[in-house]
Amino acid sequence: MKQLLVALIAGSLFGAGLAFSGMADPARVQGFLDLFGRWDPTLAFVMGGAMTPMAIAWIIQRRLEKPFAGEQFSLPGTTLIDRKLTIGAVLFGTGWGISGLCPGPGFADLAINPLPALAFVAALLAGMIAHRVTS
């Protein structure tokens, strides 16, 4: 129950942050990616602002024996840049540039602008299924 409550609070904070910062608006993201047009630097400030609390979280995590709502930390290992990572990054970046959405804002937009977000989330889920079937 504790894990579910922590996930609910974290997800709510993340969604509220996306909405407050305007990052759930695909036009804002596409404006950031439009380097030779009407460039919008807002996303750079949001990313920069996210780095400070994340750096603090990593420092705190190193001092903890176990997470607040779990038995052990589940942290990804560091791997080399390989073909699968490169292809995945290219696909992610292409989809992000075309739609102006990545998974977090895509799911948040289900509540804000459901029809376009539904198409994005359906494509996202189809890609996840395709990856699972082909891996």
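Read the figures in this text as sums done on the coordinates, not as results from a lab. The model shown is predicted, which means the values in this text are computed figures rather than measured ones. Please note: Cβ atoms are built from the backbone with ideal geometry, for glycine as well, and neighbour counts cover all protein chains shown.
In order along the range 93-105, phi translates into HN-Hα couplings of x, 5, x, 5, x, 6, 8, x, 10, 10, x, x, x Hz, rounded to whole numbers, per the Karplus curve 6.51 cos²θ - 1.76 cosθ + 1.60 with θ = phi - 60° and x for Gly and Pro.
Note on the chain: GNM, Cα springs under 10 Å; of ILE112, ILE98, ILE59, the largest mean-square fluctuation is that of ILE59. Amide H contacts of ASP34 (H built 1.01 Å from N, in plane; Pro and chain starts excluded): ASP40 sit under 5 Å, all sequence-distant by 5 or more or on other chains.
Suppose a student asked you for the relative contact order of the chain, using Cα pairs under 8 Å spaced at least 6 residues apart; what percent would you report? Don't skip to the answer; put the middle values down first.
On the way: 75 pairs, mean separation 38.6, N = 135.
After rounding, I find 29 percent.
Calculated mean residue ellipticity, 222 nm, the chain: -24000 deg cm²/dmol, from DSSP H runs (n ≥ 4) at -39500 (n - 2.57) each, averaged per residue and rounded to 500. Projecting the Cα positions of MET47, LEU4, PRO76 onto the charge dipole of the chain (unit charges on Cβ atoms of Lys, Arg, Asp and Glu, taken about the Cα centre) puts PRO76 furthest along the positive direction.
3J(HN,Hα) along the range 7-12, derived from phi through the Karplus expression 6.51 cos²θ - 1.76 cosθ + 1.60 where θ = phi - 60°, amounts to 4, 5, 5, 5, x, 5 Hz, with x in place of Gly and Pro. Of the chymotrypsin sites (Phe, Trp or Tyr not before Pro) found in the range 55-135, those in coil by DSSP whose Cβ has at most 14 other Cβ atoms within 10 Å are PHE68, PHE73. Our coupling estimate for the range 128-135, obtained by passing each phi through the Karplus curve with A = 6.51, B = -1.76, C = 1.60 and θ = phi - 60°, is 5, 5, 4, 5, 5, 5, 8, 8 Hz, Gly and Pro reported as x.
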